[in-house]
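**Q** My questions will all concern the structure given below.
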Amino acid sequence: MFKSKKEREIIENYKKHLSVALECMKLFIEQVNALFDGNWERITEIEKEIYAKEREGDELRRKNEYLFSEGILFPADRMIFINLSEEIDKVIDKIQQVSRILTLRRPSQEAIDFLRDSSISEYLEYTKKSVETLYLAAISLLENYRDSLKKAHEVEKYESRADELKLELLRKLYGEERKMDILSLLQLEKLILWIDSISDKAEDASDVIVLITAKMKA
């Protein structure tokens, strides 16, 4: 499908864009660990790093949109890949938004202890798996659409487990209302809900991949 010089440039930008999503997710997990360590300076630094990565992702997406506007591929194929890039961009945007929650205010020690002692690590692990598997599914599109389809369906499984963990965390959090100040409780509530939206966006992107593989089989 991609053979010309400009088409190869699109593929390179596409791969870089996917890598940005992975890098942002890893940075966010590092940011949460910095919170556990009480390293507020590092928390702020990571938020800036993720913001810079998000801008990089925007630029890569725009470059490909410009290249597609020059008539590369058939119109239907162009729109499918543009839609996929937009969904990948939404994953990156959501990670950046969640990262910013941690820098808005310093949570109370009770809030930090709650996160450390809860199942937040498992929650983050499944969220990371959804992003990593999206990456693999999207890369496999270029090589083996059957593997890509399989990985796309795996994203849905990770998102489903993350959703279960979200509800479990929220139940535990609401049980802490007498022990935690209201601002920290609301901050953690938003953090938990928005982490879930990362895997939601990854699943949305995987749905586009399923459509692409269906077209490849046609």
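Just so you know, all these numbers are worked out from the coordinates, no wet-lab data involved. These figures come from a predicted structure and were not determined experimentally. Virtual Cβ from ideal backbone geometry, glycine too; neighbours counted across all protein chains shown.
**Q** Taking the Cβ of S184 as the center, what net charge do the other residues with Cβ under 12 Å away carry, scoring Lys and Arg +1 and Asp and Glu -1?
**A** -2
**Q** Once phi is turned into ³J(HN,Hα) by the Karplus curve 6.51 cos²θ - 1.76 cosθ + 1.60 with θ = phi - 60°, what whole-Hz value does each residue of the range 152-160 show in order, with x for glycine and proline?
**A** Each residue of the range 152-160 in turn: 4, 5, 5, 4, 4, 5, 5, 5, 5 Hz.
**Q** Do the alpha carbons of any pairs in K16/K48; K129/K179; K128/K215; K166/K201; K5/K53; K94/K215 sit beyond 23 Å of each other, and which pairs?
**A** Cα-Cα > 23 Å for K129/K179; K128/K215; K5/K53; K94/K215; rest within.
**Q** Taking just the alpha carbons, could you work out the radius of gyration and Dmax for the chain, both in angstroms?
**A** 18.8, 63
**Q** Let me have the 222 nm mean residue ellipticity of the chain computed from DSSP H runs of 4+ only, each contributing -39500 (n - 2.57), with the sum over all residues rounded to the nearest 500.
**A** -31000 deg cm²/dmol
**Q** Pairing the Cα long axis of helix 182-217 with the longest principal axis of the chain, what angle in degrees results, from 0 to 90 and rounded to the nearest 10?
**A** The helix 182-217 is inclined about 20 degrees to the chain.
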